[in-house]
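The next block holds one structure in the form of structure tokens; read it before the comments.
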Amino acid sequence: MSTFSFSLQSPTRFGPRLGSVVLKRPSIDIEIATPGLLATTSRGAVPHLSRDHVRISDAIRWVNVSFETFLEHNPPIPTLQALQPGTSSASNPLHTFLGFTPNKHIVSMSARDPHDGRDMPPNGNAHVSVQSLRGVRKLSPTDWRSYVQACQPDIVFALSDTPFTDPQYSQKRLTKSIERSAAWLSSLLNLKSPPPPPKTSTKKVVNNTSSNVDTLIPTNTRIPPVFLHLAGIASPGARKAFSDSLLEPLSGPEAEALLPLSKLDDGVAGYTIDLVPLKSSVEATSTGVESQIVPLLVTSLSALPIPKPRLITATQSPHEILRYIGSVGVDLFDAGWVQKAADYGVALDFEFPVRRTSGLREIGHNLYDVRYRMDFGALADALRGTLSPQEDIEDKPVCPCAACSPVSPSTRIFHGHDTPLVSGEEEQSSPRHLPHYTRAYIHHLLHTHEMSAHALLVLHNLAVLDAFFAGVRGVIKDGEARWEEEVGRFGEVYDARLGVVEEARERWREVDLARGKGRLARERSKQVDVGAEAVVGVEVRIEV
Amino acid sequence: MQFQVIAKCNTTRARVSRMTLAHGVTMLPTFMPVATQAAIKGLTANQMQALGVTLILNNTYHLNLRPGLEVLNQAGGAHKFQGWDRNLLTDSGGFQLVSLSKFTTITEEGALFASPFTGEPTMLTPEESISIQHIIGADIIMQLDDVVSSLTTGPRVEEAMNRSVRWLDRCIAQHEKSGTKSTQNLFAIVQGGLDSVLRDRCLDAMIARRNGVAGYAIGGLSGGEEKDVFWRVIKQCCDKLPEERPRYSMGIGFAEDLLVCVALGVDMADCVFPTRTARFGVALTHDGPLNLKLSKHAKEFQSIDESCPCPTCTDKTSRAMLHHIVTHETAGAHALTLHNVVFQAQVMGRAREAIIAGTFPDYLKQFFARYFGDAGYPEWCVNALRSVGVDLLEGTPAAKIVSGNGAKWEYAAINPQ
Ligand SMILES: [Zn+2]
Ligand SMILES: [Zn+2]
């Protein structure tokens with residue numbers, strides 16, 4: 001069993017803060033320094049990465065799994081993992097099913113994909129509408145709890161009643177939203193209510209693989225640490241009311257059911273903020289949406305305890321991240337946008353603090369661009385590969401990713417009469433560094449629609465973002481003045497309009513539409529650009 | 001090239017050899033995964049090395065278009081460009097010219113085609129094919145041959161065969177004066193269609209040129225011909241080709257084809273099938289292919305093959321998880337590609353072991369019994385192996401035999417769910 005903790009170096013309510021998330025397991029402690037990142041998944045996998053690539057990426061320490069794609073089956077398949085021989089609900093069944101390493105990865109579980117902003121049918125008093133490949137499903141709080149108990153992620157996101165309908169929400173809708181969110185949190189924390197009735201299909205399913213279990217009742221009733229979405233959308237009043245409701249002393253039957261908790265907030269390990277619904281419900285102004293969102297977050301957090309981690313989803317740029325660190329004190333950021341940039345063919349290239357100041361720079365390179373056809377440099381200018389040529393080294397830090405600093409495999413598989421003894425080749429020596437993959441090579445892979453391009457770019461982009469956060473923490477350590485100075489410099493050097501990402505995305509969409517004519521294109525147009533599985537599905541299906 | 005036969009099967013024509021090239025040793029027989037565009041689908045060069053692959057194939061036609069020779073030259077060749085420091089083979093580009101472009105016409109000078117970029121008429125001569133392959137820098141390069149479909153009949157087959165011999169002379173001449181002979185090795189391609197007389201004449205002519213070639217490919221097959229004809233041509237070529245040269249059967253990738261070819265004396269084969277079928281959700285196993293898209297796999301928690309040494313299986317990736325992601329996530333394709341590449345290598349590796357141990361006929365019987373099971377043996381395999389002294393039906397006279405080209409696998413049933 002694991003324990004989750006979060007500590008801050010100093011009790012900062014609003015403003016840059018240094019902290020650390022620690023997940024203690026029997027064998028090892030996983031620590032994530034904050035501000036820091038978590039990786040996103042699609043259908044339970046980090047897009048484009050095979051499991052060995054996930055493991056060699058040092059940037060991937062926390063992954064979030066949106067569970068809705070598993071609701072295609074009832075019961076959801078990952079909930080059956082704990083029933084398999086050799087696994088149990090005490091032994092990280094979700095890690096096992098998805099191939100994450102308990103000693104390296106924290107796995108959190110959310111019902112929805114926080115990047116999906118498609119219109120959805122309204123939620124009900126006792127269900128959230130979720131999206132699966134076979135259409136919209138209803139997910140009830142009691143089912144959610146049973147799935148969480150069966151899967152045992154390290155962290156769970158409580159269900160939240162976030163409307164994905166017309167953004168002009170009435171007072172009544174807002175009230176309902178915060179009441180439901182609080183009630184669903186309560187029901188997630190309530191271990192005394194009866195478990196959900198066994199699923200009718202369970203018997204049949206389980207008999208397939210194991211004979212002695214005939215229900216889906218999890219043996220482990222533990223609820224992992226709960227992260228809670230700060231509800232209230234764009235209404236300061238609703239936000240305040242929601243936070244207040246967390247701090248109210250519990251009373252009556254609810255108090256009894258939730259013992260030993262004295263208020264709902266006692267059952268909350270961290271707070272989340274989903275930007276997708278927030279952004280769609282505030283008006284864009286010349287000062288950017290952040291200037292409107294920041295006060296809303298401040299409202300939510302004003303009275304809540306300081307030393308709980310704050311996790312924000314769906315930021316889109318380093319500038320935005322710096323804003324939420326500086327003005328709010330957000331600790332954790334998902335890396336969805338850098339992973340997406342890899343889909344579009346963008347190799348990120350930015351650093352914090354900025355070492356060189358020479359005019360306005362883009363935050364990355366659109367490697368589709370013909371200018372990279374003959375560019376044999378490493379992916380970033382701000383970072384170098386371990387073996388980059390001498391004259392290029394300066395004082396640049398190394399990008400440890402498998403594209404910039406590949407390392408030869410330490411072992412290989414032998415298949416029969418091909419060992420060094422037979423071939424006469426030297427034994428595999430210890431791993432050695434290899435030259436970087438070049439921009440020209442990835443440019444080529446992108447133009448020939450080779451999936452390897454995206455694998456290398458994801459690994460690189462995650463490493464760049466990870467290095468960015470390391471730089472952020474270093475600057476925070478140096479105090480307020482340095483922070484202000486470096487954030488200012490970053491804004492001067494790196495173009496906040498993100499032209500390179502926009503341009504690459506446009507091009508990617510064109511190419512993608514051209515390649516996915518017919519049925520797939522029609523599916524795509526329904527999903528605009530936010531569909532979780534859209535990107536890759538097309539790539540795989542039409543490539544013959 | 002150093003080519004050394006180190007063991008021969010006492011029954012069949014199978015053999016184990018050590019082929020030493022500029023980028024290391026490759027033990028034969030071997031299967032070569034195809035990296036058409038300088039990447040094995042979705043994987044990196046390091047991953048391929050970790051899988052124990054020592055020889056892959058790039059396609060000249062594709063690399064010549066993209067990234068183009070200017071880039072490859074600047075990069076220092078295809079090895080460096082793709083980060084692959086083991087052995088590499090390139091084809092001549094001729095096959096793709098004919099199969100991908102309707103407007104290609106063959107003249108004595110070379111293959112005339114419309115440039116895919118500009119539409120301009122462009123000529124690929126044997127000399128040019130070799131020069132392009134010199135720039136790409138593969139360890140094994142192929143002659144430009146005059147390719148006709150294996151279903152073509154009549155005088156065109158003979159013409160193509162004779163021209164392929166003349167083009168071989170031009171390729172040898174071009175290669176001789178290149179100065180890359182110490183690192184690059186030219187293979188001839190035996191043509192002659194399905195006509196044994198033409199094949200024989202081609203074999204004679206090309207064997208006469210043995211001093212100019214490091215190995216022989218058997219071309220002009222795998223174009224939809226009857227399998228029972230296919231194996232006879234392979235056998236005819238293997239029987240006649242010189243012992244001391246590697247033999248390469250082009251475009252062969254199904255496990256049964258590989259093992260029959262090995263038994264007939266083939267040392268090398270390549271095919272896009274294992275990596276392509278992975279992208280459609282099919283995992284190759286010793287019990288036959290598994291189509292993981294089928295909903296029957298949705299609740300199976302076992303791996304594809306518990307005894308498989310690939311990263312996907314040693315990690316115990318469940319069929320259920322694979323079912324969930326194949327054809328939706330590139331990560332699903334990667335997982336199956338890793339597995340399928342290893343499966344092919346295992347089929348060949350076990351063949352090498354068995355040949356060394358003197359048990360290759362047993363290996364064939366066991367493999368076919370398990371792989372085809374109740375589906376029945378393809379009749380052509382039974383015939384082909386009988387021709388080299390192995391009777392798959394020995395001891396199992398009641399075994400089912402399927403005529404035609406063999407069993408229909410799960411991968412044929414491509415309808416998901
Ligand atoms: Zn990198
Ligand atoms: Zn495997």
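Annotations for the structure displayed:
- Accessible surface of B:Thr105 - all protein chains present, 1.4 Å probe, nearest 10 Å²: 70
- Amide H contacts of B:Ser17 (H built 1.01 Å from N, under 5 Å, at least 5 apart or other chain): B:Ile6, B:Leu28
- At R0 = 45 Å, FRET efficiency that the Cβ-Cβ distance of B:Arg201 and B:Glu306 yields, to 0.05: 0.35
- Mean Cα-pair separation over length for chain B, i.e. relative contact order, pairs under 8 Å, 6 or more apart, %: 16
- Computed from backbone phi, the HN-Hα couplings of segment A:235-250 come to 9, x, x, 5, 4, 5, 4, 5, 4, 4, 5, 6, 9, 5, x, 6 Hz, rounded to whole numbers (Karplus: 6.51 cos²θ - 1.76 cosθ + 1.60, θ = phi - 60°; Gly and Pro given as x).
- Computed E for A:Gln9/A:Glu426 - FRET, C-beta separation, R0 41 angstrom, nearest 0.05: 0.25
- Cα shape, segment B:2-277, gyration tensor, a/c 1.5 rule: rounded
- Each peptide in A:302-312, A:110-120, A:375-385 was scored by the mean count of other Cβ atoms within 10 Å over its residues; highest first, the order is A:375-385, A:110-120, A:302-312.
- Prolate/oblate/rounded call for segment B:1-72, Cα gyration tensor, a/c under 1.5 rounded: prolate
- Measuring how big segment A:1-108 is from its alpha-carbon positions, Rg and Dmax come out at 15.5, 49 Å.
- Straight Cα distances below 16 angstrom link A:Lys263 to the aspartates and glutamates A:Glu179, A:Asp244, A:Glu248, A:Glu254, with same-chain residues fewer than 8 positions distant left out.
- Rounded to the nearest 500, the helix-only mean residue ellipticity at 222 nm of chain B stands at -12000 deg cm²/dmol, with each DSSP H run of n ≥ 4 adding -39,500 (n - 2.57).
- Helix-derived mean residue ellipticity, 222 nm - over chain A, DSSP H n ≥ 4, -39500 (n - 2.57), to 500: -10500 deg cm²/dmol
- Pair-distance distribution of segment B:281-414: all C-alpha pairs, bin width 10 Å, starting at 0; shares per bin in whole percent are 12, 37, 31, 18, 2.
- Taking only the C-alpha atoms of segment B:167-248, Rg followed by Dmax gives 13.3, 42 Å.
- Model label sites at B:Asp287 and B:Ala114, defined 7 Å from Cα along the beta-carbon direction, differ in position by 5.1 nm.
- Estimated distance in nm for a label pair at A:Arg356 and A:Asp244, the labels positioned 7 Å out from Cα along Cα-to-Cβ: 5.5
- 3J(HN,Hα) along segment A:71-82, derived from phi through the Karplus expression 6.51 cos²θ - 1.76 cosθ + 1.60 where θ = phi - 60°, amounts to 7, 5, 10, 10, x, x, 4, x, 6, 8, 4, 5 Hz, with x in place of Gly and Pro.
- For the protein assembly as shown, A:Cys151, A:Cys401, B:Cys9, B:Cys171, B:Cys202, B:Cys237, B:Cys238, B:Cys261, B:Cys271, B:Cys310, B:Cys381 have no disulfide-compatible partner, since no other Cys C-beta lies under 4.7 Å from theirs.
- Centroid-to-centroid, using Cα positions, segment A:232-298 and segment A:67-146 are 23 Å apart.
- Here the label points at A:Asn125 and B:Asp169, each 7 Å from Cα along the C-beta direction, are separated by 9.4 nm in the simple model.
- Hydrodynamic radius of chain A per Kirkwood, over alpha carbon pairs, in Å: 24.7
- The H on the amide N of A:Arg137, modeled in the peptide plane, is under 5 Å from the matching H of A:Val130, A:Gln131, A:Ser132, each at least 5 residues off or on a different chain.
- Per residue of peptide B:311-318, the mean number of Cβ atoms on other chains within 10 Å of the residue Cβ is 5.
- Relative contact order for chain A, counting Cα pairs under 8 Å that sit 6 or more residues apart, in percent: 16
- Charging the Cβ of each Asp and Glu at -1 and of each Lys and Arg at +1, and nothing else, the dipole of segment A:12-70 about its Cα centre rounds to 140 debye.
- For segment A:277-383, the Cα gyration tensor yields ellipsoid semi-axes of 32, 15, 14 Å (square root of five times each eigenvalue, largest first, whole Å).
- Taking all protein chains as they are arranged and a probe of 1.4 Å, the heavy atoms of B:Glu70 leave approximately 100 Å² accessible to solvent.
- For the cross-link pairs A:Lys172/A:Lys279; B:Lys102/B:Lys240; B:Lys227/B:Lys400; B:Lys293/B:Lys316, the ones whose C-alpha atoms lie over 23 Å apart are B:Lys102/B:Lys240.
- These residues, B:Tyr371, A:Tyr169, go from largest to smallest accessible area, 1.4 Å probe, as A:Tyr169, B:Tyr371.
- Alpha-carbon centroids, segment B:1-57 and segment B:252-286: separation in whole Å: 14
- Loop-located GluC sites (Glu not before Pro) in segment B:298-395 (DSSP state other than H, G, I, E, B) with a sparse environment of at most 14 neighbouring Cβ atoms within 10 Å: B:Glu306, B:Glu394.
- Magnitude of the charge dipole, segment B:2-277, Cβ model with Lys/Arg +1 and Asp/Glu -1, debye to 20: 600
- Here the Karplus relation 6.51 cos²θ - 1.76 cosθ + 1.60, evaluated at θ = phi - 60°, turns the backbone of segment B:107-122 into coupling constants of 10, 4, 5, x, 9, 9, 9, 8, 4, x, 8, 10, x, 4, x, 10 Hz, with x for every Gly and Pro.
- For A:Trp62, the residues whose modelled amide H falls within less than 5 Å of its own, excluding neighbours fewer than 5 places apart on the same chain, are A:Ala39, A:Ile106.
- Amide N of segment A:278-320 lying under 18 Å from the label point, which is placed 7 angstrom from the Cα of A:Arg497 along Cα→Cβ: A:285-289, A:317-320
- Peptide-level mean, for B:75-82, of C-beta atoms on other protein chains within 10 Å: 3
- Chain A contacts chain B over a buried accessible area of about 5700 Å², both sides summed; the probe is 1.4 Å and only protein chains count.
- Projecting the Cα atoms of A:Met451, A:Gly416, A:Tyr437 onto the charge dipole of segment A:409-506 (Cβ charges, centred on the Cα centre) puts A:Gly416 farthest toward the positive pole.
- Note on segment A:3-334: with neighbouring protein chains present and a 1.4 Å probe, carbon and sulfur make up 56 percent of its accessible heavy-atom surface.
- Counting, for every residue in A:408-414, the Cβ atoms of other protein chains within 10 Å of its Cβ and taking the mean gives 6.
- The protein assembly as shown: C-alpha gyration tensor shape, a/c 1.5 cut-off, then a/b vs b/c: prolate
The values are calculated or read from the model by the stated rules, or taken from the named source; none is laboratory data. Just so we're clear, the structure is a prediction, and the values are computed from it rather than from any experiment. We place every Cβ from the backbone using ideal geometry, glycine too, and count neighbours over all the protein chains shown. The area values use the complete protein model at the heavy-atom level, side chains included, leaving out ligands, DNA and RNA. Shrake-Rupley method; radii C 1.70, N 1.55, O 1.52, S 1.80 Å.
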